[in-house]
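The values are calculated or read from the model by the stated rules, or taken from the named source; none is laboratory data. Quick caveat, the model's predicted, so the values are computed rather than measured. When we count neighbours, we look across all protein chains shown, and the Cβ atoms used for this are built from the backbone with ideal geometry, even at glycine.
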Amino acid sequence: MCNVCGFADIVHGNNMRRRAFVFGAAAAGMLTAVAQANAKDLRSKAKQTKQTSAPPKPENVMTPDDALARLMEGNKRYQQGVARRHDFAAEREALIGGQNPYAAILSCSDSRIAPEYAFDSSRGDLFVVRVAGNIVNPDNVASMEYAVEVLKTPLILVLCHEACGAVKSAISSIQDHTTLPGHLPSLVAALAPAVNAVAGRPGDLLENATMENARLCAKTLETATPLLSAAFNEKRLKVVSGIYRLANGRVDLFA
């Protein structure tokens, strides 16, 4: 008797068994097809993820030394007035999804200093933080940490400049024992270590203090724990200081 329909039909039973086998094989085939489709989908997603994680500007992936060389080559072009033509419109699409600047610059806010011009750079090349006197504070340390750890920027330049008004005001305030108005005393306090360090040193006090401040800021950045100091010690990051010359636009690096 057939256990399915209740009739003693052996042929019917054999047909049911054959149907069950066919249906089972079909189901197994469907499962295999689904598994293959899922595997293909996973491979496709993995490929898309890999493509998405690729840097927007592959030419900006370089060593710290190569980044510094590229920066200074750009400054030479700027001095000579032979800046490259930058197609900003063509770069927009590549930069929609991210950025990977090859250098980060801590610069003074002085309107005569424009790092993007001074180094003949394109969009997405420089990560620039600007503050009067190019001083280091917690906010711009955090900005540099973001550049180095998240954007993988291999170089930081602390860029001071000739005739810095912020440093000049700090010198006057310290020498004359006067208190500047508003929030300016906080700026004087940040610049005071450099001014005091060069007191009595031969040469121009303003330029000495300006360069000493850049040196101290560079040292603070390369020793800022835990992120920047780790990158510096692992040779993933180079920190340098330089001064911008107003007359010709030249940037002179110094230790």
Count of residues meeting criterion [exposed (fewer than 13 other Cβ atoms within 10 Å of the Cβ) and not in a helix (DSSP H, G or I)] in the range 157-198: 7
Complete set of residues in the range 91-134 that are under 21 Å from Ala247 (Cβ atoms) and of a type in the set (Ser, Thr, Tyr): Ser107, Ser109, Ser111, Tyr117
Which listed residue, of Asp120, Asp125, is buried (at least 17 other Cβ atoms within 10 Å of the Cβ), over 29 Å from Thr225 (Cα atoms) and touching a helix residue (DSSP H, G or I) at 6+ places or on another chain (Cβ under 7 Å): Asp120
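Can you tell which of Pro154, Pro226 is of a type outside the set (Ser, Thr, Tyr), exposed (fewer than 13 other Cβ atoms within 10 Å of the Cβ), under 30 Å from Pro58 (Cβ atoms) and assigned by TED's automatic domain parsing to the domain that holds Pro138?
Details: Pro154 fails: exposed (fewer than 13 other Cβ atoms within 10 Å of the Cβ).
Only one candidate passes the filter, namely Pro226.
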Within the range 71-156, helices (runs of 4 or more DSSP H) holding 3 or more residues that are out of contact with any Asp or Glu (no Cβ under 8 Å at 6 or more places or on another chain) and touching a residue at least 60 places away in the same chain (Cβ under 8 Å): 138-145
Among (1) more than 30 Å from the chain's Cα centre (by Cα); (2) closer than 28 Å to Asp65 by Cβ - the single one Leu157 does not satisfy: (1)
Residue satisfying condition, being exposed (fewer than 15 other Cβ atoms within 10 Å of the Cβ) and small (Gly, Ala, Ser), within set Ala83, Ala94: Ala83
